[in-house]
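> I have a structure I would like to understand better, so I am pasting it below and will then ask my questions one at a time.
Just so you know, all these numbers are worked out from the coordinates, no wet-lab data involved. Remember, predicted model here, so these are calculated numbers, not experimental data. All Cβ positions, even for glycine, are placed from backbone atoms using ideal geometry, and neighbour counts span all protein chains on display.
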Amino acid sequence: MRVYVPLTLSGLAEAHRTGTLGTGPLAAYAVTPALREWYVSDDIEELEYAALNRAALASLRLLAADDGAPRRRVVVAADVPDGTVQADPDRGAEPVAPGEVRVAGPLPLAKTAAVHVDSADAEKDVAAAAEALAAADGGDDDARFVVDGAEDHELLWYATQEIPNLVGAGA
């Protein structure tokens, strides 16, 4: 099963240093029944893109909680055995939960498929979105518009061999 693990560049640097994505269980996103119902599509590529975008929003939440992290969303894509992934059926109906899963960890960085990271041009919008996220969650329409501005930026795809350059150069 393909999962999308939300991180920050600081978190990616730590994963690169240790060789693993956390100790587990890891919060991630995947194509789950709740995501299929929320997104209303049978196209697996569209569903995986939706899961990637859910992980990008979770990465934004990590940035909102970490003032010191560079203002770029990071999502690591990995293929894991189905038995290591568990969805929380009680959270499936919550607006932040479609596609949310837990991956029994640790997940070796060497087993990941790709890394998705914002470009430098997105930093200003991502920083503003991280700042506005709490207000957007509280129902502020202007703040929601700011958060949507970050979502307008597509994450760039990087091969796992490029991780040292991403974390060494601050991306």
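> Looking at 108, 77, 155, which one has the Cα that reaches farthest to the positive end of the dipole of region 73-164 (charges on Cβ: Lys, Arg +1; Asp, Glu -1)?
Value computed over the given set: 108.
> If you don't mind, another one. Measuring from label point to label point, each 7 Å out along Cα→Cβ, what is the residue 17 to residue 46 span in nm?
Here the answer is 4.3 nm between the modelled labels.
> Let me ask another. Starting from the Cα of residue 1, step 7 Å along the direction of its Cβ; do the same at residue 114; then give the gap between the two resulting points in nm.
2.1
> What's the magnitude of the charge dipole for the chain around its Cα centre, counting Lys and Arg as +1 and Asp and Glu as -1 at the beta-carbon? Answer in Debye, nearest 20. Don't skip to the answer; put the middle values down first.
Numbers: 13 positive and 29 negative charges, 163 e Å.
Once rounded to the nearest 20, the dipole reads 780 debye.
> Per DSSP helix of 4 or more residues, -39500 (n - 2.57); summed, then divided by the residues of the chain. What does that give at 222 nm, rounded to the nearest 500? Before the final figure, lay out the partial values.
On the way: 6 runs with 71 residues, N = 171.
Rounded to the nearest 500, it is -13000 deg cm²/dmol.
> Still on this model: Can you give me the C-alpha center-to-center distance between region 107-171 and region 4-19, rounded to a whole angstrom?
A separation of 13 Å, based on Cα centres.
> Can you check what the Kirkwood hydrodynamic radius comes to for region 1-127, Cα pairs only, in Å to one decimal?
Values: mean 1/r = 0.0683 Å⁻¹.
About 14.6 Å for region 1-127.
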